[in-house]
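Student: Here it is, the structure in full.
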Amino acid sequence: MPIVTLKEGHVQPVWSGHPWVFQQAVQSVEGGATAGDEVTVKDPRGNFLGRGLYSPKSAIPVRILTRDPKVRIDGAFFRDAITRALELRKRLGLPSAETNAFRVVHAEGDGLPGLVIDCFGDVVVYQLGTIGMKLREGLILEAIQQVLKPRAILDRTSPATAKVENFEAQGGIVRGDVNIDALRFVERGLRYELPLSFGQKTGFYFDQRPLRARVEKLAKGLRVLDVFSYVGSFAMAAARGGATEVEAVDQSATALEIGAACARLNGLDGRIRHVRSDAREHLARVGREGGFDLVICDPPKFAPTKGSHKAALGGYQKLAAAACRATKPGGFLVLCSCSGAVGLDELTRALALGARDVRMRATVIERFFQGADHPVPAAFPAGLYLKSVVAVIEAV
């Protein structure tokens, strides 16, 4: 088996459990490793650190799958790993009568870097993130079929990721009932129908489930604004929670149409106003008109890479300023970041500076992260990508 040897000074993170081997940490690659091969990772003294899959064109050429030299990365390996991941979700109460859609495999969080698997009722959606996983796609599909027994399996691998890793994303339904036209599921008792032709990531953001529950409790008797609303999951939570007025804002007409259809499914039509608008322009207009009691601001990723980190912080500060101005004095602002490169402290600072810029003060009362079905290895802090703060906004 090919061997990847690490440089002095780069061993500690991998030894302590970090699943990534960065390009700058590699001293040598021996044994003729090619893209997707299984490789052994060793320290400069030849001590075994783990085995993983090789991506030579990536900034992360090895993602480690096992620390046991006796374990084979074969069909049984994937079946056992998915079984363990599912058992953990069952211990967390997933699925349930109220929620039958959740993340089954969260890549590094479940020991399977480069693989994400989501369950939407009886349909499973997966994403491949490395050439190594793509070459083992058949084994993965067999394991999904055996463990999860879905009606259909859908490939939603990112074409951009596939291009970087030099493979072709198949896309669409790859196994099972090919006549499925939508992802139909229930989360916290709310019903959703998302057409297969539409969807970001795997189709839905399960990671915000805990925050949606909190918004529902906060919303009673309040006027609520949900910007970057996507299909309106926060808006529906607020409406069901007893908000007196709810406005869902997104630039995508399709997302708003689907959101309106989901609202009808749940008897919430007429209680949510769906508005197509640029979020920042809408926040500015709302601010001039007196603001809402509760503003939810969950934007797309501002910092997809470390190189965009500085610009992202400026973007969050400007967004926070507009969101603070759109929040009535004494009201609540929920500000989120799904950028792994932006930490909680940085998001909080951006909120503080944004509030200052519009002569307001933000007091954080709660903090939220991705749900428990998106676990994070203790040795992999980058896995904590989702941060949200709930703040009271006051004039100064």
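The values are calculated or read from the model by the stated rules, or taken from the named source; none is laboratory data. On a predicted model such as this, the values are computed, not experimentally measured, just so you know. Counting neighbours? That spans all protein chains shown, and the Cβs are built from the backbone with ideal geometry, glycine included.
Student: Taking segment 136-164 as the search range and keeping residues that are at pLDDT 95 or above and touching a Ser or Thr at 6+ places or on another chain (Cβ under 8 Å), which one is farthest from Leu65 (Cα to Cα)?
Tutor: Result: Arg156.
Student: If you don't mind, there's one more thing I want to ask. Quick one: in segment 334-352, which of the residues that are within 17 Å of the chain's Cα centre (by Cα) and polar (S, T, N, Q) is modelled with the lowest pLDDT?
Tutor: The residue in question is Ser339.
Student: Between Asp293, Asp373, which is touching a Leu at 6+ places or on another chain (Cβ under 7 Å), surrounded by fewer than 20 Cβ atoms within 10 Å (Cβ to Cβ) and among the acidic types (Asp, Glu)?
Tutor: Asp293
Student: Still on this structure, please answer the following. Which pairs turn up if I take residues in segment 32-44 that are at positive phi and look for partners that are assigned to a strand (DSSP E or B) with beta carbon separation below 7 Å, at least 6 apart in sequence or on another chain?
Tutor: Matching pairs, first to second residue: Gly36/Leu53; Gly36/Tyr54.
Student: For segment 272-304, which positions are in a loop (DSSP other than H, G, I, E, B) and closer than 24 Å to Phe198 by Cα?
Tutor: Ser277, Asp278, Asp298, Pro299, Pro300, Lys301, Phe302, Ala303, Pro304
Student: Given the structure, is Ala355 assigned to a helix (DSSP H, G or I), touching a helix residue (DSSP H, G or I) at 6+ places or on another chain (Cβ under 6 Å) and either at pLDDT below 95 or under 23 Å from Glu289 (Cα atoms) (or both)?
Tutor: When the stated conditions are applied, Ala355 passes them.
Student: Continuing with this model, one more query. Filtering segment 133-156 down to residues that are under 21 Å from the mean Cα position of the chain (by Cα) and among the charged types (D, E, K, R), which residue is surrounded by the most Cβ atoms within 10 Å (Cβ to Cβ)?
Tutor: Lys134
Student: I would also like to ask the following. If the requirement is being under 19 Å from the mean Cα position of the chain (by Cα) and charged (D, E, K, R), which of these qualifies: Arg361, Arg367, Arg356?
Tutor: Values: Arg361 fails: under 19 Å from the mean Cα position of the chain (by Cα); Arg356 fails: under 19 Å from the mean Cα position of the chain (by Cα).
Result of the check over Arg361, Arg367, Arg356: Arg367.
Student: Follow-up. What number of residues within segment 127-169 satisfy the criterion of being in contact with a helix residue (DSSP H, G or I) (Cβ under 8 Å, 6 or more places away or on another chain), free of Cβ contacts under 8 Å to residues at least 60 places away in the same chain and not in a loop (DSSP other than H, G, I, E, B)?
Tutor: 3
Student: Would you pick out the residues in segment 248-273 that are within 30 Å of Glu394 (Cα to Cα) and surrounded by fewer than 22 Cβ atoms within 10 Å (Cβ to Cβ)?
Tutor: Gln251, Arg271, Arg273
Student: Just give me the residues in segment 203-235 being out of contact with any Leu (no Cβ under 8 Å at 6 or more places or on another chain) and aliphatic (A, V, I, L, M), in sequence order.
Tutor: Residues satisfying the conditions are Leu211, Ala213, Ala235.
Student: Of the residues in segment 345-357, how many are in contact (Cβ under 8 Å) with a residue 40 or more places away in the chain and crowded, with 17+ Cβ neighbours inside 10 Å?
Tutor: 3
Student: Any idea which of (1) exposed (fewer than 14 other Cβ atoms within 10 Å of the Cβ); (2) in a loop (DSSP other than H, G, I, E, B) is the one Pro44 doesn't satisfy?
Tutor: Here Pro44 meets the rest and fails (1).
Student: Let me ask something else. Glu247 - would you say it is of a type in the set (D, E, K, R), outside the structural domain of Val105 (by TED's automatic domain parsing), closer than 19 Å to Tyr126 by Cα and not in a helix (DSSP H, G or I)?
Tutor: In short, no.
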